[in-house]
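Engineer: There's a structure below that I have some questions on.
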Amino acid sequence: MSDYLAERFLLDTIEMRAAYCDALIAAAEENPDIIDVESDVQYSMGTRKFKERFPDRTINCGIMEAHAVGFCGGLSSMGYIPFYHAFGTFATRRAFDQVFLSLAYQNMNVKIVGGDAGVTATANGGTHMPFEDMGLMRLVPGMTVIEPADSVMYKTAIRDMANTYGNYYIRSCRRKTIKIYREDAKFQIGKANVLTQGTDVAIIACGIMVYQALLAREILAEKGVSARVIDMHTIKPLDKGCVIKAAEECGAVVTAENHNIIGGLGETVCAALSENHPVPSERVGVEDKFGQVGTQEYLMEIYGLTAKDIARKALLAVSRKNKV
Amino acid sequence: MNGYSLKKDAAEIRKLTIRAMASAGYGHIGGSMSVCDALAALYGGVMHVDPSDPDMPDRDRLVLSKGHCGPALYAALAYKGYFPAEELATLNANGTLLPSHCDRLKTRGVDISTGSLGQGLSLASGVAYGCRMRGYASKVFCIVGDGELQEGQNWEAIQFIAHHRLDNLILIVDNNKRQLDGYTEEICAQQNLADKFMSFGLKVFLCCGHDPEAIFRTLEQAKEAGAPSAVILDTEKGKGCVFAEIPGFNHYMVIDKTMAEAACREIDRRLSDE
């Protein structure tokens, strides 16, 4: 069916944070300039193994995100490649001006890795639940913004980020996710993956919402609606060609993200549509709300991030096709 | 090192700065003037740099965290030979390589971009840490203003610098006791800066900030301190530019060529009185 998809969608055998750490160690084995910079969440984010392997290449700044980002900028100016690893909220929101001016403005080469994306922050609640991190990072000129759907893609993205000069933001969750991809699937940053073909509506998703999109496709199939599912793992720069082709061929688009619908995937896709090929479109995501404590399932339900929500909005978009 | 020669260097850097600002018609004159003597000492022999090879890997590095005083740094760089002094007249002109605030992507000899106050010291700590990992003997100097030390990020950086014993990093405070809106003491007093630095774990040196020879000696001592250090320079905002040596607002002034030439003549007159 696909060059990408695993035969069955099962819970992964490794946690996303372990995938990150393994990928970073692999990159660091090849490139002596890779440095792990932390601000006191090494246990939570799972990079202890990196520290054991490369004790001299792990720098834990303590609880000071603004300084840590600036420090990364200085290291980068010396030719090092810092991977700065923190909760998504604090890596972006707390250190925004430092990311903007100490990194991006001066063309540094720093990779920011934000953990606990959106509702996956669960019990840490509203203070630690980033629904705005991708939006903030999209506003930084030249910043590449990525959200991988599973561990296979996460590892590839870390390798490619390490090998490409520039500032990157990648957000992910720490626990196990549903494995979407075959181990040998190939990805390219900035190039969307069309996971399933479809003719009536395109569902464009990122991160944990890719699996929900695949489930929504089955719900829609029962109703006789054919959905194309696209993994838009790179939110910026957006693969506009893929978005436009989907709009031309399906005539309706739904986006799905574990993020505020303001500033994230939905907004960037809708901008591309309205400038190039306007079609009925709907956005699934958090509708301008703060986070709160709860299980991931509960939070996905109350913020409207389930396959059911995607299917409902897909039908709505399809129903609007002839009214435009 | 020659005391008169450094004083002359400082006078030339001041004149180049004032004339560049007159070309633009305005500038951050107060803080630029207060830092000229430190720049004269740094580029007059304290820093191991080569203007013909600005990317020399094991060079010393300067982060001018009070980035709005870029014009004084540009004057020092031009005087040192990084680029022709004529280029200073393009300060803030459309398409210039010499913008108000330091930009490492534009200006030859600028190591780090600055302008959002409080960020330079963290960047400098990364540079110093990187120099140490690379095995370079390089020193990293970071100039902050006393008003700028109100930004909390500086104190994050100082904790980090002390903890990691970055003895190749020298923090220089241009303690001109004024910030944009007035006297630091009246806006949000710094209390005792030396005590604060010492309690954070830095070795502290105090020095007159308008005696380039004394600054030179003090920075040489700080380089050999064997610990991260802070050099607090006692300075006056606007020092050396006669129309800016006023108790009122001198953070940013409109400057025309007549004012500039009169100020330059006064600089020469004072130097000849030395």
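The values are calculated or read from the model by the stated rules, or taken from the named source; none is laboratory data. Since the structure is predicted, the reported quantities are computational estimates derived from the model, not experimental observations. Every residue, glycine as well, gets a Cβ built from its backbone with ideal geometry; the counts of neighbours run over all protein chains shown. What goes into the accessible areas is simple: the full protein's heavy atoms, side chains included, and nothing from ligands, DNA or RNA. Shrake-Rupley method; radii C 1.70, N 1.55, O 1.52, S 1.80 Å.
Engineer: Where the centroid of each part is defined by its Cα atoms, how far is the stretch B:74-128 from the stretch A:269-324 in Å?
Structural biologist: Cα centroid to Cα centroid, the span is 47 Å.
Engineer: Just the ratio, please: alpha-carbon radius of gyration of the stretch B:150-274 over 2.2 N^0.38 Å, N its number of residues.
Structural biologist: So the stretch B:150-274 has a normalised radius of gyration of 1.25.
Engineer: Only Lys, Arg, Asp and Glu count, each charged at its Cβ (+1, +1, -1, -1), so figure out the dipole size of the stretch A:16-171 about its Cα centre, rounded to 20 debye. Kindly include the intermediate steps, with their values, before the conclusion.
Structural biologist: Numbers: 13 positive and 17 negative charges, 14 e Å.
In total the dipole reaches around 60 debye.
Engineer: Any idea what % of Cα-Cα pairs in the protein assembly as shown are farther than 40 Å? Please report the intermediate quantities before stating the final value.
Structural biologist: Numbers: 65232 of 178503 pairs.
The answer is 37 percent, as a whole percent.
Engineer: Count, for each residue of A:105-113, the Cβ atoms from other chains sitting within 10 Å of its Cβ, then give me the mean as a whole number. Before the final figure, lay out each step's value.
Structural biologist: Details: counts 6, 9, 3, 5, 0, 1, 0, 0, 0.
Per residue, the number of nearby Cβ atoms from other chains is 3 on average.
Engineer: I want to verify the translational diffusion coefficient of chain B in µm²/s; compute it with Stokes-Einstein, Rh as the Kirkwood radius over Cα pairs, at 37 °C and 0.692 mPa s.
Structural biologist: Details: Rh = 18.3 Å.
D = 179 µm²/s.
Engineer: Based on Cβ point charges of +1 for Lys and Arg and -1 for Asp and Glu, what charge dipole magnitude is obtained for the protein assembly as shown about its Cα centre, in debye rounded to the nearest 20? Walk me through the numbers before you get to the answer.
Structural biologist: On the way: 63 positive and 74 negative charges, 190 e Å.
The calculated dipole for the protein assembly as shown is roughly 920 debye.
Engineer: Using +1 at the Cβ of each Lys and Arg and -1 at the Cβ of each Asp and Glu in the stretch A:193-323, identify which of A:GLY224, A:PRO237, A:TYR303 lies farthest towards the dipole's positive end.
Structural biologist: Checked the options; the winner is A:GLY224.
Engineer: Among A:VAL269, B:GLY248, A:HIS67, pick out the residue whose Cα is farthest towards the positive end of the charge dipole of the protein assembly as shown, where Lys and Arg carry +1 and Asp and Glu carry -1 on C-beta, about the Cα centre.
Structural biologist: Checking the options against the dipole of the protein assembly as shown, the answer is A:VAL269.
Engineer: Could you please state, rounded to a whole Å, how far the C-alpha centre of the stretch B:173-252 is from the C-alpha centre of the stretch A:204-250?
Structural biologist: 59 Å
Engineer: Can you give the accessible area per residue of chain A, in Å², using a 1.4 Å probe?
Structural biologist: Values: 12330 Å² over 324 residues.
Result: 38 Å² per residue.
Engineer: On a 1.4 Å probe surface of the protein chains, which of B:CYS188, A:CYS206 comes out largest in accessible area, and what is the full order? Could the numbers behind the result be given before it?
Structural biologist: On the way: B:CYS188 75, A:CYS206 0 Å².
Order by accessible area, largest first: B:CYS188, A:CYS206.
Engineer: Next up: Once the dipole of the protein assembly as shown is set up with Lys and Arg at +1 and Asp and Glu at -1 on Cβ about the Cα centre, which of B:GLY30, A:LEU214, B:ALA124 lies farthest towards its positive end?
Structural biologist: Towards the positive end, the residue furthest out is A:LEU214.
Engineer: Starting from the Cα coordinates of the stretch B:65-148, work out the convex hull volume and express it per residue in Å³. Intermediate results must be reported in sequence, preceding the final value.
Structural biologist: Values: hull volume 8.3 nm³, N = 84.
It comes to 99 Å³ per residue, whole-number rounded.
Engineer: Dividing the Cα radius of gyration by the Kirkwood radius, what Rg/Rh value follows for chain A?
Structural biologist: On the way: Rg = 18.9 Å, Rh = 19.6 Å.
In chain A, Rg relative to Rh is 0.97.
Engineer: Report, for chain B, the % of DSSP beta bridges that are antiparallel, rounded to 5.
Structural biologist: On the way: 4 of 26 bridges.
Bridges in chain B that DSSP calls antiparallel: roughly 15 percent.
Engineer: Same structure, new question: For the stretch B:155-186, which residues drop by 30 square angstrom or more in accessible area between the chain on its own and all protein chains together (1.4 Å probe)?
Structural biologist: Residues meeting the cut-off: B:GLU156, B:PHE160.
Engineer: Would you calculate the volume per residue, in Å³, of the smallest convex hull containing every Cα atom of the stretch A:42-198?
Structural biologist: Numbers: hull volume 20.9 nm³, N = 157.
Hull volume over Cα atoms, normalised by residue count, gives 133 Å³.
Engineer: Pop out a list of residues from the stretch A:57-75 that are at least 20 Å² less accessible with all the protein chains around than in their chain alone; 1.4 Å probe, no ligands or nucleic acids counted.
Structural biologist: Listed by number, the residues meeting the 20 Å² cut-off are A:ILE59, A:MET64, A:ALA66, A:HIS67, A:GLY70, A:PHE71, A:GLY74, A:LEU75.
Engineer: Turning to a different aspect of this structure: What is the mean number of Cβ atoms from other protein chains located within 10 Å of the Cβ atom of each residue in peptide B:106-113, rounded to a whole number? Walk me through the numbers on the way to the answer.
Structural biologist: Working: counts 0, 0, 0, 0, 1, 2, 7, 8.
So the per-residue partner count for this stretch is 2.
Engineer: Also: Summing both sides, how much accessible area is buried between A and B? Use a 1.4 Å probe and give Å² to the nearest 100.
Structural biologist: 2100 Å²
Engineer: I would also like to ask the following. When ranked by the protection proxy of mean other Cβ atoms within 10 Å per residue, highest first, what sequence do the peptides B:116-123, A:155-162 form? Can you show the working numbers first?
Structural biologist: Values: B:116-123: 27.5, A:155-162: 21.2.
Highest-to-lowest ranking by the protection proxy: B:116-123, A:155-162.
Engineer: Over its Cα atoms, what ratio of radius of gyration to 2.2 N^0.38 Å does the stretch A:193-323 give? Walk me through the numbers before you get to the answer.
Structural biologist: Values: Rg = 13.5 Å, N = 131, 2.2 N^0.38 = 14.0 Å.
Dividing the Cα Rg of the stretch A:193-323 by 2.2 N^0.38 Å gives 0.96.
Engineer: Further, regarding this structure: How shielded is B:115-121 by partner chains, expressed as the average number of their Cβ atoms within 10 Å of its Cβ atoms? It would help to have the intermediate numbers written out before the result.
Structural biologist: Values: counts 2, 6, 0, 5, 10, 3, 4.
Mean shielding count: 4.
Engineer: Then there is this: Keeping every protein chain present and rolling a 1.4 Å probe, give me the accessible area per residue for the stretch B:1-117 in Å². Each step should come with its number before you reach the end.
Structural biologist: Values: 3790 Å² over 117 residues.
That works out to 32 Å² for each residue.
Engineer: Ranked highest first by the average count of other Cβ atoms within 10 Å around their residues, in what order do B:87-95, B:107-115, B:21-29 fall?
Structural biologist: On the way: B:87-95: 15.0, B:107-115: 23.9, B:21-29: 20.9.
In descending order of packing, they fall as B:107-115, B:21-29, B:87-95.
Engineer: If you don't mind, another one. Assigning unit charges at the beta carbon (Lys, Arg +1; Asp, Glu -1) and nothing else, what dipole magnitude in debye, to the nearest 20, does the stretch B:3-273 show about its Cα centre?
Structural biologist: Numbers: 28 positive and 34 negative charges, 65 e Å.
Taking the Cα centre of the stretch B:3-273 as origin, the dipole is about 320 debye.
Engineer: Quickly estimate the mean residue ellipticity at 222 nm for chain A, helices only: each DSSP H run with n ≥ 4 gives -39500 (n - 2.57), and the total goes over all residues, rounded to 500. Before the final figure, lay out each step's value.
Structural biologist: On the way: 11 runs with 114 residues, N = 324.
Mean residue ellipticity at 222 nm (helix-derived): -10500 deg cm²/dmol.
Engineer: Which one, A:THR47, A:THR199, A:THR13, has the greatest fluctuation when you compute a Gaussian network model over chain A with C-alpha springs under 10 angstrom?
Structural biologist: Looking only at A:THR47, A:THR199, A:THR13, the largest GNM fluctuation is found for A:THR13.
Engineer: Using a Gaussian network for chain A with springs between C-alpha atoms less than 10 Å apart, which of these wobbles most: A:PRO278, A:PRO55, A:PRO237?
Structural biologist: Its mean-square fluctuation being the largest, the pick is A:PRO55.
Engineer: Something else about it: In the protein assembly as shown, carbon and sulfur make up what percent of the accessible area (probe 1.4 Å)? Walk me through the numbers before you get to the answer.
Structural biologist: Details: 11560 of 22820 Å².
About 51 percent, which is the carbon plus sulfur part of the accessible surface.
Engineer: Something else now. When the Cα centres of the stretch A:27-85 and the stretch A:89-110 are compared, how far apart do they sit, in Å?
Structural biologist: 15 Å
Engineer: Which of these, A:GLY251, A:GLY224, A:GLY74, has the largest mean-square fluctuation under a Gaussian network model of chain A (Cα springs below 10 Å)?
Structural biologist: Most flexible of the set in this elastic network: A:GLY224.
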